Amino acid sequence: MKQYIIRRLLQLIPTMIGISIIVFAISALVPGDFITAKNSPTMTLEKAEQLREIYGLDKPVVQRYFTWIGNMITGNMGDSLQHKQPVTKVVNNYVWNSFVIAFFSLLLSWLIAVFAGVFSAKFQYSLFDKLVTLFIFLCMSLPSFFIGLLFILIFSINMGIFPVGGMTTAGLGAVGWEHIKDVAYHMFLPTVVLTMLSTGSLTRYFRTGMLEVIRQDYIRTARAKGLKERTVIFKHALRNALLPAITLLGFELPALFSGAIILEKVFIWPGVGQVYLESISVRDYPFMLGFTIFLAVLTLLGNLLSDVLYGVADPRIRLK
Amino acid sequence: MSKKLSGMMVILLFMMTILAACSGGDKAAEPVKENPPATTTDTNKDKPADPAPAPTPAPADDTKNDGLFPASDKSLNPALAKNRKDTLIIGMTAPKGTFSPLFWSTAYDKYVVETVFDSFLAVQGDGTYAESLAEKIDVSEDGLKYTYHLKPGVKYSDGTPVTVKDYLFALKVLHDPQYDGESDILADKIKGGQEYHDGKAKDISGVKIIDDNTVEVTVTEVNAQTKVDLGTIELLPESYYGKNFKFGNLDSVKALSDKPIGSGKYIVKKFTPGQEVVMEANPNYFNGAPKIKNLIYKTTADETRLAMLQTGEVDVDMVSVNEDSVEELKGMGFLDVNIFPTNGYGYIAFNHKDKKFQDVKVRQALTIGLNRKDIVAGVYGKFADVINIPESKQAWAYTNEGIEPYEFDIEKAKQLLDEAGWKVGADGIREKDGTKFKINFSATADNPVVESLLPIMTKNYKELGIDISAETLDFNAISEKRKTGKFESFFAAWGLTPDPDSTVYITKGAQNNLAYSNKKVDELMLKGKKTLDIEGRKEAYKQVYQELNKDLPVIFLYQRRDMWAINSRITGFDITPYKNFTYSLTQVQITE
């Protein structure tokens with residue numbers, strides 16, 4: 001096992017090099033740079049040249065790549081051009097806000113999906129199954145900005161029970177428990193919307209997994225030896241049905257940190273998603289590249305994690 | 001059977017959701033990305049705006065498209081807002097946290113800078129400047145020596161006195177070779193500035209500190225903007241920012257960007273990225289302490305600006321203007337709505353290296369043959385004007401004397417094209433010397449005007465016998481095309497500065513990517529730049545605009561509107577296209 005992990009970690013290196021080349025190449029191919037994106041009507045040519053020199057944008061692409069990758073290896077992601085602060089600081093400022101809603105919606109959606117999936121499978125083609133299917137397809141197919149705005153209209157403007165947006169009440173300056181309560185109050189709507197969007201596909205996975213397992217011989221055996229139905233389903237069947245979900249869990253790792261771009265905008269949630277999107281439109285290369293690499297690393301680690309966990313959970317799979 | 005039925009139901013529901021999504025989409029798309037007015041840099045890459053009066057002036061009451069629309073029923077004010085007795089909340093797009101007068105880069109960070117710092121001069125409602133921190137400013141007769149006299153006894157919020165040494169410190173940072181902020185001090189040609197920048201001199205020889213309150217700056221070139229450029233540099237305490245400052249390394253100065261200390265109206269208490277900037281009134285402000293104790297800049301977004309105003313979560317915000325948003329704000333009843341012309345304009349550019357656009361008759365035909373009024377009305381309703389010169393109608397340099405309005409007239413346009421030698425060919429497309437009249441047109445994808453522009457333009461030009469092929473591109477892609485000169489024609493918008501000097505239409509100007517060249521314009525622009533007295537400048541720019549109006553380097557399209565919605569319990573704001581709300585914060589108060 002240890003060997004396997006070490007080998008996989010070593011394999012990450014060439015993969016990362018490949019990713020960094022592709023990401024950098026794409027960013028270099030995109031037209032415009034940070035200076036053209038400013039579109040300043042008064043900027044002189046000298047000033048533009050001077051800025052390009054300070055940012056190193058006047059160098060050939062290959063040289064820029066090696067400078068950048070050299071810095072990245074030493075852990076220096078550089079300064080965000082737009083924020084004029086180190087990239088790591090900017091990421092740190094925003095990423096935890098994204099993490100909070102992503103984490104809670106992950107918990108909620110898995111919880112809901114497990115139960116909905118299990119019962120849909122158990123009572124396949126029943127009214128309950130059809131209603132659940134209908135509802136989750138509805139939630140999945142609604143665009144997040146639409147459902148977000150709709151919720152704001154209903155719950156914030158008409159009923160006045162939740163704030164329109166933001167993460168805290170302006171000027172409250174609460175600390176400790178009060179602060180947590182205030183944030184919870186603000187994150188309710190975005191978390192609900194995010195959960196609605198992500199529960200759908202998960203429920204389908206669990207339903208399918210469960211349907212497969214439920215028809216296996218050992219389930220019939222379990223029933224035949226007189227176990228309670230609840231034990232059969234939740235102990236014997238569910239455990240096996242959850243195995244494929246481990247893979248899914250690995251993919252959730254980058255999603256926890258990547259931020260929900262559109263939803264953050266609608267609910268004015270100070271998450272990293274909008275900052276990332278903006279960095280692309282203003283061509284803030286250090287931030288754009290730094291954060292992309294950060295997500296790439298998380299994705300690879302997530303993959304590794306799910307493979308390892310799979311091996312731990314399923315004795316049929318042996319990692320070598 | 002029942003399977004089929006539920007299948008159908010699912011499909012039906014899907015379709016309903018899709019329809020619902022469409023209408024939701026339209027709604028969310030309405031507000032344009034908003035950039036506030038008057039800051040040079042990021043105004044309107046994607047917003048349109050621009051000057052010049054509509055061909056039909058003198059609006060009657062229901063055609064009123066700017067000015068103040070007062071609240072109709074103050075009693076509708078939501079309790080949430082009414083209960084805030086000593087706090088003013090202003091909504092805006094999130095500032096980045098670079099609250100340094102030297103390094104800010106978005107208009108929103110600039111708002112904070114203007115609230116926390118002061119400079120010798122402050123902008124007035126009409127775009128001119130008056131003394132703020134300065135007691136008086138002397139300009140030598142040859143226009144090369146500027147003496148700024150600082151008001152005595154002013155202190156920063158940490159208690160240290162403001163001196164002109166802090167001014168010198170700011171100049172040194174601005175001249176540093178590693179300086180990457182918005183200012184372009186080298187363009188002001190301070191004597192010895194370039195040498196200092198290049199590391200050849202230890203000091204800027206043109207800056208002389210006479211005493212703690214007097215500084216004399218010598219420049220090497222006469223420029224009408226120098227007095228303002230040098231006078232609007234905010235003073236920041238060297239004792240705080242300059243502790244570890246070394247030539248060629250600004251990291252220590254930058255690191256303090258999110259913890260500003262200045263002499264201004266408010267003091268930043270807490271900044272939470274992406275959420276809010278909490279400020280408290282400076283009781284010792286040299287111009288009198290602000291009347292409202294707490295000030296918060298709260299992050300809002302286009303999608304929900306109206307909702308935040310409606311629930312009272314914010315008191316003031318800038319909302320993008322179209323007929324719907326204005327109606328909605330007025331309908332809320334408790335908001336004062338202030339609408340004024342945006343400092344910028346939208347235009348259609350030609351590549352002047354392209355032979356077909358070199359003929360002024362062709363350019364005129366393309367202007368007259370385009371129904372600009374319908375294009376603009378299609379997006380902004382009455383809240384925009386068709387323009388004919390590249391200047392805001394509120395600018396001091398604006399003129400409509402001798403300006404041709406180029407009213408839509410397709411017959412006249414055809415005639416002009418005929419005169420220019422472009423004859424209608426067998427397939428209905430005009431041609432000259434065997435070349436077909438074809439325009440490859442690009443437009444920025446995220447500008448709402450494009451949706452209205454493309455269909456009308458295609459229809460009009462088809463009628464003229466021009467083959468037009470249009471594409472929409474990302475803003476940066478168009479910038480790139482513009483920079484490399486690989487375009488025929490594109491739509492874009494420019495921001496305007498309070499001063500009319502610009503490099504957009506002068507030969508080889510830094511911002512002139514159209515290869516446009518007109519000797520008369522060059523001469524007059526230079527004259528306007530070098531003349532110090534304002535009447536003389538007005539005359540020079542009047543002639544510039546008359547010439548540009550005649551020569552049409554681009555098709556001038558429209559100047560749109562900006563709008564501030566202000567909760568009616570707040571009084572005293574004085575906002576114009578030039579004067580940000582920040583400049584009236586000391587006089588603003590909460591009334592019941």
Restricting attention to the stretch B:493-505, does a residue exist that is of a type outside the set (S, T, N, Q), surrounded by fewer than 21 Cβ atoms within 10 Å (Cβ to Cβ), more than 13 Å from chain A (Cβ to nearest Cβ) and touching a residue at least 40 places away in the same chain (Cβ under 8 Å)?
-> no
Kindly list the number of the only condition in (1) basic (K, R); (2) surrounded by fewer than 20 Cβ atoms within 10 Å (Cβ to Cβ); (3) more than 28 Å from B:A224 (Cα to Cα) that fails for B:K96.
-> (2)
If you scan the stretch A:127-145, which residues turn out to be at pLDDT below 90, facing another protein chain (nearest Cβ under 7 Å) and part of a helix (DSSP H, G or I)?
-> A:F137, A:L138, A:S141, A:F145
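Give me a count of the residues in the stretch B:428-476 that are more than 29 Å from the chain's Cα centre (by Cα) and not small (G, A, S). Outline the logic, then answer.
Residues of the stretch B:428-476 that are more than 29 Å from the chain's Cα centre (by Cα), as a first pass: B:428-439, B:458-469.
Right, trim to not small (G, A, S) and you get B:429-433, B:435-439, B:458-464, B:466-468.
Residues meeting the conditions: 20.
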Residue by residue through the stretch B:68-93, note down the ones that are within 12 Å of chain A (Cβ to nearest Cβ), hydrophobic (A, V, I, L, M, F, W, C) and buried (at least 19 other Cβ atoms within 10 Å of the Cβ).
-> B:A81, B:L88, B:I89, B:I90, B:M92
Selected residue (criterion: surrounded by the fewest Cβ atoms within 10 Å (Cβ to Cβ)) from residues of the stretch B:239-263 that are polar (S, T, N, Q) and not in a helix (DSSP H, G or I) | B:N244
Would you mention how many residues in the stretch B:513-567 are under 23 Å from the mean Cα position of the chain (by Cα) and closer than 30 Å to B:D302 by Cα?
-> 12
Quick one: how many residues across the stretch B:481-492 are within 11 Å of chain A (Cβ to nearest Cβ), over 22 Å from B:Q559 (Cβ atoms) and either touching a residue at least 60 places away in the same chain (Cβ under 8 Å) or touching a strand residue (DSSP E or B) at 6+ places or on another chain (Cβ under 9 Å) (or both)?
-> 1
Taking A:F99 as the residue in question, decide whether it is in a helix (DSSP H, G or I), more than 9 Å from chain B (Cβ to nearest Cβ), among the aromatic types (F, W, Y) and surrounded by 16 or more Cβ atoms within 10 Å (Cβ to Cβ).
-> yes
How many residues does the stretch B:532-549 hold that are surrounded by fewer than 19 Cβ atoms within 10 Å (Cβ to Cβ) and β-branched (V, I, T)?
-> 1
What are the pairs, 6+ residues apart or on separate chains, where a residue within the stretch A:297-313 that is surrounded by fewer than 17 Cβ atoms within 10 Å (Cβ to Cβ) has its Cβ under 6 Å from a residue that is among the polar types (S, T, N, Q) and assigned to a helix (DSSP H, G or I)?
-> none
Going through (1) touching a strand residue (DSSP E or B) at 6+ places or on another chain (Cβ under 7 Å); (2) at pLDDT below 90 one by one, B:Y558 fails only at (2)
Per-region count, the stretch A:170-185, residues among the β-branched types (V, I, T) and either under 18 Å from B:V277 (Cβ atoms) or within 11 Å of chain B (Cβ to nearest Cβ) (or both) = 1
Could you please find all residues in the stretch A:146-157 being within 10 Å of chain B (Cβ to nearest Cβ) and either without any contact (Cβ under 8 Å) to a residue 60 or more places away in the chain or not in a helix (DSSP H, G or I) (or both)?
-> A:F146, A:I147, A:L150, A:L153, A:S156, A:I157
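With respect to A:H236, determine if the residue is within 14 Å of chain B (Cβ to nearest Cβ) and either touching a Gly at 6+ places or on another chain (Cβ under 7 Å) or assigned to a helix (DSSP H, G or I) (or both). Let's see the steps before the verdict.
Values: within 14 Å of chain B (Cβ to nearest Cβ): no; either touching a Gly at 6+ places or on another chain (Cβ under 7 Å) or assigned to a helix (DSSP H, G or I) (or both): yes.
No; evaluated as a whole, the condition is false for this residue.
How about the stretch B:159-185: which of its residues are of a type in the set (A, V, I, L, M) and within 14 Å of chain A (Cβ to nearest Cβ)?
Start the filter on the stretch B:159-185 by keeping residues that are of a type in the set (A, V, I, L, M), which leaves B:162, B:164, B:168, B:170-171, B:173-174, B:185.
Within the stretch B:159-185, B:V173, B:L174, B:I185 qualify.
Do the conditions hold for A:F257, that is, is it surrounded by 22 or more Cβ atoms within 10 Å (Cβ to Cβ) and away from chain B (no Cβ under 14 Å)? Write out each step before concluding.
Working: surrounded by 22 or more Cβ atoms within 10 Å (Cβ to Cβ): no; away from chain B (no Cβ under 14 Å): yes.
No, not satisfied.
Do you know which of the residues in the stretch B:506-519 that are among the small types (G, A, S) and either without any contact (Cβ under 8 Å) to a residue 40 or more places away in the chain or in contact with a helix residue (DSSP H, G or I) (Cβ under 8 Å, 6 or more places away or on another chain) (or both) is farthest from the other protein chains (Cβ to nearest Cβ)? Give the steps one after another, and end with the answer.
Initially, the stretch B:506-519 is screened for residues among the small types (G, A, S), giving B:509-510, B:515, B:517.
Narrowing the set further to residues that are either without any contact (Cβ under 8 Å) to a residue 40 or more places away in the chain or in contact with a helix residue (DSSP H, G or I) (Cβ under 8 Å, 6 or more places away or on another chain) (or both) leaves B:509-510.
Working: B:G509: 9, B:A510: 5 Å.
Among them, the one singled out is B:G509.
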So which residues in the stretch A:214-236 are surrounded by 15 or more Cβ atoms within 10 Å (Cβ to Cβ), under 29 Å from A:F103 (Cα atoms) and without any contact (Cβ under 8 Å) to a residue 40 or more places away in the chain, if there are any at all?
-> A:H236
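Report, by residue number, each residue of the stretch A:58-80 that is within 13 Å of chain B (Cβ to nearest Cβ) and buried (at least 16 other Cβ atoms within 10 Å of the Cβ).
First pass over the stretch A:58-80, keeping only residues within 13 Å of chain B (Cβ to nearest Cβ): A:76, A:78-80.
Passing the criteria: A:G78, A:D79, A:S80.
Scan the stretch B:459-487 for residues that are of a type in the set (S, T, Y) and closer than 22 Å to B:D359 by Cβ and jot them down.
First, the residues of the stretch B:459-487 that are of a type in the set (S, T, Y): B:461, B:469, B:472, B:479, B:484.
The answer is B:Y461, B:S469.
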Can we say A:V91 is assigned to a helix (DSSP H, G or I), buried (at least 17 other Cβ atoms within 10 Å of the Cβ), more than 10 Å from chain B (Cβ to nearest Cβ) and at pLDDT 90 or above?
-> yes
Could you name every one of the strands (runs of 3 or more DSSP E) located completely within the stretch B:270-375 that has at least 2 residues being β-branched (V, I, T), more than 14 Å from chain A (Cβ to nearest Cβ) and within 29 Å of B:P70 (Cα to Cα)?
-> B:335-341
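The values are calculated or read from the model by the stated rules, or taken from the named source; none is laboratory data. From a predicted model like this one, the values you see are computed outputs, not experimental measurements. All Cβ positions, even for glycine, are placed from backbone atoms using ideal geometry, and neighbour counts span all protein chains on display.
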